[in-house]
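Chemist: I have a structure here, written as structure tokens, and I will follow up with some questions on it.
The values are calculated or read from the model by the stated rules, or taken from the named source; none is laboratory data. Values in this document were obtained by computation on a predicted structure and should not be read as measured data. Cβ atoms come from the backbone with ideal geometry, glycine included; neighbour counts cover every protein chain shown.
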Amino acid sequence: MVRSTGPILLSAALALACVTPKAAAPSRPEPAAPPAETAVATAPVPEPPVTPAPAPRLECGAAGKELVSKGQAVQREKGEDGCDEAIALYKQALAGDPGCTEALWELGWSLQIKGDPAAAVDAWDQLKKLDPDYPGMADNYDAMVRRRDQAAMLNALPEAKELPPVDTRPADGPPLRIAAVGDVHMGRAWPAERAALPPDGAMHLYDAVKPSLQDADVTFGNLETVLADDGESQKCGKRSTKCFAFRVPTAFAAAVKDAGFDVMSIANNHAGDFGPKGRTDTMAALDKAGLKHSGPVGDIAYLEVDRGKDVPKQKIALVAFSFGADVYRIQELDIARRLVAFLARSHDLVFVSFHGGGEGAGFEHVPRGREKFLGEDRGDERAFAHTVIDAGADLVLGHGPHLLRGMERYKGRLIAYSMGNFSSWDTFGLNFPNNTTGVFHVTLAPNGVVTQVKVDPVVIEKPGTPVPDPDKKAIEILRKLSKDDFGDAFLREDGTWTLDVKAHALAAPPATPRG
């Protein structure tokens, strides 16, 4: 049984108000005194306030505009790889024209994409001095300041130079049973003219797989949508068929809870589709439903699990990583190492979820080194997973490619590199293999060593309902990919794996060094 200790949001939003002093009204000549007989009867008429004319908007000259256009083109074409080139072009424009506001605006964005939000805020502060009402500033400045403060908080994490060794022998005591799935999606409510939502608030979307989801002490999923009842997406245009922004009503959180989930990742490339308000609405909806979550920087899920009479509750921390902004980034291995080591000092178990990798057919394998997709750095999943386990993580759960990837056992801990899609509604492409998934059941010893794994095969039937798969295609895929990528099929043909405790005790040393 999971008991909530409450989500702890470590970062505080910084509220900033920019006030521009009003210009003083020009002095006026004193009116002539009225005749004596009418002076008392005439009330003074107040002068109407004088509103100063708005300052003319500063714009780049022709040379500056050309350089800005080149920078924008580079950034669009190369993504993160184009940051340095774009930044150089914007700085060249500013060298020739210090009042080129378009260059300062774009410079801020490129610096943020590069991972330097402090420099981005400095650029936008210069822009505000030149043009306080620059279009887009009101909607984005506070978010940039928040990212700067998040980065400062992460940099303040204590160093993790000396890590205790990894204990690879399972400890005695009650086991912990986890059920985990990949991308939980429930349709789309925006734009309204193209909405597609399951009936009854999605309360029956998971009926066929509830027994599997609920057969665990803790059940996890990646919530691949915003929970919000209103709001427009700045990410996509309403008529776009190539850009996807997902939100469903906040009431759908009840369906997730009813299905058996206890904790959700909200660190993925759709959690921010409706801006900061969409994130806070999602967190509030999950809180109301009694679901734990991890997503924005500072948002870590803390759980306690009853282990029986006279046995202390097991304290668990789950932290979710992704690529992009406002989240713990899969690309930042030093931050991941320090954060997980920090959590491991005060918790019995630490679970890590990550959203990374390329998407769709052709991205089934876990590459060596960094993975790029659509110009974005989607992380080095192997290095990331090994880094967090070395730092103290006991289970690593991956998602993002929208299909299954292989599994690996590293220092006695399980890594599921991608658990695939799990549900949708008239949105995700559900042709094979994107429709093939499963419920991953993992049993851990009290010290985090994996002792059993069982995958319940699932297929997603159109328009997006997960149901048990009698053909068990997920097991065949997982065995093949695990063998191809990590040299071991891992699962038996029935979809299970069990640690041979006696053989393992004879073969394995008591502990292996971390790192």
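Chemist: Could we say that Asn435 is free of Cβ contacts under 8 Å to residues at least 60 places away in the same chain, in the same structural domain as Lys454 (by TED's automatic domain parsing) and of a type in the set (S, T, N, Q) here?
Modeler: For Asn435, the condition - free of Cβ contacts under 8 Å to residues at least 60 places away in the same chain, in the same structural domain as Lys454 (by TED's automatic domain parsing) and of a type in the set (S, T, N, Q) - is met.
Chemist: For the stretch 441-494, give me each residue that is assigned to a loop (DSSP other than H, G, I, E, B) and touching a helix residue (DSSP H, G or I) at 6+ places or on another chain (Cβ under 8 Å).
Modeler: Asp488, Ala489, Phe490, Leu491, Glu493, Asp494, listed by residue number.
Chemist: Can you spot a residue in the stretch 342-350 that is touching a helix residue (DSSP H, G or I) at 6+ places or on another chain (Cβ under 6 Å) and part of a helix (DSSP H, G or I)?
Modeler: Within the stretch 342-350, not a single residue is touching a helix residue (DSSP H, G or I) at 6+ places or on another chain (Cβ under 6 Å) and part of a helix (DSSP H, G or I).
Results for (1) at pLDDT below 95; (2) within 13 Å of the chain's Cα centre (by Cα), shown as yes or no for each residue.
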| position | (1), (2) |
| --- | --- |
| Thr225 | no, yes |
| Lys238 | yes, no |
| Ala245 | yes, no |
| Ala255 | no, no |
| Asn268 | yes, yes |
| Ala271 | yes, yes |
| Ile316 | no, no |
| Ala320 | no, yes |
| Ala325 | yes, yes |
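Chemist: Just checking, which of Ala393, Ala361 is in the same structural domain as Asn222 (by TED's automatic domain parsing), out of contact with any strand residue (DSSP E or B) (no Cβ under 7 Å at 6 or more places or on another chain), assigned to a loop (DSSP other than H, G, I, E, B) and of a type in the set (A, V, I, L, M, F, W, C)?
Modeler: Being in the same structural domain as Asn222 (by TED's automatic domain parsing), out of contact with any strand residue (DSSP E or B) (no Cβ under 7 Å at 6 or more places or on another chain), assigned to a loop (DSSP other than H, G, I, E, B) and of a type in the set (A, V, I, L, M, F, W, C) holds for just one of Ala393, Ala361, which is Ala361.
Chemist: So which pairs qualify, if the first residue must be in the stretch 455-468 and under 22 Å from Ser482 (Cβ atoms), the second must be charged (D, E, K, R), the Cβ gap must be under 6 Å, and the two must be at least 6 apart or on different chains?
Modeler: Qualifying pairs under 6 Å: Pro457/Asp469; Pro457/Lys472; Val458/Asp469; Val459/Asp469.
Chemist: Looking only at the stretch 59-105, count every residue that is within 17 Å of Tyr134 (Cα to Cα), touching a residue at least 40 places away in the same chain (Cβ under 8 Å) and not hydroxyl-bearing (Ser, Thr, Tyr) and tell me the total.
Modeler: Of the residues in that region, 6 qualify.
Chemist: Only one of Ala152, Ala171 is more than 30 Å from Glu77 (Cβ to Cβ) and not assigned by TED's automatic domain parsing to the domain that holds Glu232. Can you tell me which? Show your work before the answer.
Modeler: Details: Ala171 fails: not assigned by TED's automatic domain parsing to the domain that holds Glu232.
Answer to the selection: Ala152.
Chemist: Which residue, of Gly201, Gly182, is at pLDDT 90 or above, outside the structural domain of Ala119 (by TED's automatic domain parsing), closer than 20 Å to Asp281 by Cβ and not charged (D, E, K, R)?
Modeler: Gly201
Chemist: Further, regarding this structure: Just to check your reading of the model, which residue among Ala86, Ala73, Ala103 is at pLDDT 80 or above, surrounded by 13 or more Cβ atoms within 10 Å (Cβ to Cβ), hydrophobic (A, V, I, L, M, F, W, C) and in contact with a Phe, Trp or Tyr (Cβ under 6 Å, 6 or more places away or on another chain)?
Modeler: Just one listed residue meets the conditions, Ala103.
Chemist: Scan the stretch 471-487 for residues that are in contact (Cβ under 8 Å) with a residue 12 or more places away in the chain and either over 30 Å from the mean Cα position of the chain (by Cα) or under 13 Å from Gly420 (Cβ atoms) (or both) and jot them down.
Modeler: Within the stretch 471-487, Asp471, Lys472, Lys473, Ala474, Ile475, Ile477, Leu478, Leu481 qualify.
Chemist: Shifting gears a bit: Considering (1) at pLDDT 95 or above; (2) more than 24 Å from Ala474 (Cβ to Cβ); (3) within 16 Å of the chain's Cα centre (by Cα), say which one Gly298 fails and leave the rest.
Modeler: (1)
Chemist: Within the stretch 141-199, can you find the residues that are within 30 Å of Gly260 (Cα to Cα), touching a residue at least 24 places away in the same chain (Cβ under 8 Å), surrounded by fewer than 19 Cβ atoms within 10 Å (Cβ to Cβ) and in contact with a strand residue (DSSP E or B) (Cβ under 7 Å, 6 or more places away or on another chain)?
Modeler: Selection gives Pro175, Arg177, Ala196, Leu197.
Chemist: Continuing with this model, one more query. Working only within the stretch 453-506, note down all residues that are within 29 Å of Pro174 (Cα to Cα) and surrounded by fewer than 15 Cβ atoms within 10 Å (Cβ to Cβ).
Modeler: Asp488, Arg492, Glu493, Asp494, Thr496, Thr498, Asp500, Val501, Lys502, Ala503, Ala505, Leu506 - these are the residues of the stretch 453-506 that are within 29 Å of Pro174 (Cα to Cα) and surrounded by fewer than 15 Cβ atoms within 10 Å (Cβ to Cβ).
Chemist: A follow-up question, please. Every residue in the stretch 256-286 that is touching a helix residue (DSSP H, G or I) at 6+ places or on another chain (Cβ under 9 Å), surrounded by fewer than 22 Cβ atoms within 10 Å (Cβ to Cβ) and touching a residue at least 60 places away in the same chain (Cβ under 8 Å), please.
Modeler: Gly260, Gly275, Pro276
Chemist: Out of Ala138, Ala119, report the one residue that is without any contact (Cβ under 8 Å) to a residue 12 or more places away in the chain, closer than 30 Å to Asp299 by Cβ and surrounded by 16 or more Cβ atoms within 10 Å (Cβ to Cβ).
Modeler: On inspection, the qualifying residue turns out to be Ala119.
Chemist: Can you tell me which residues in the stretch 89-99 are at pLDDT below 95 and buried (at least 17 other Cβ atoms within 10 Å of the Cβ)?
Modeler: Asp97 - this is the single residue of the stretch 89-99 that is at pLDDT below 95 and buried (at least 17 other Cβ atoms within 10 Å of the Cβ).
Chemist: Could you tell me how many of the residues in the stretch 440-489 are hydrophobic (A, V, I, L, M, F, W, C) and closer than 19 Å to Ala202 by Cα?
Modeler: Result for the stretch 440-489: 4.
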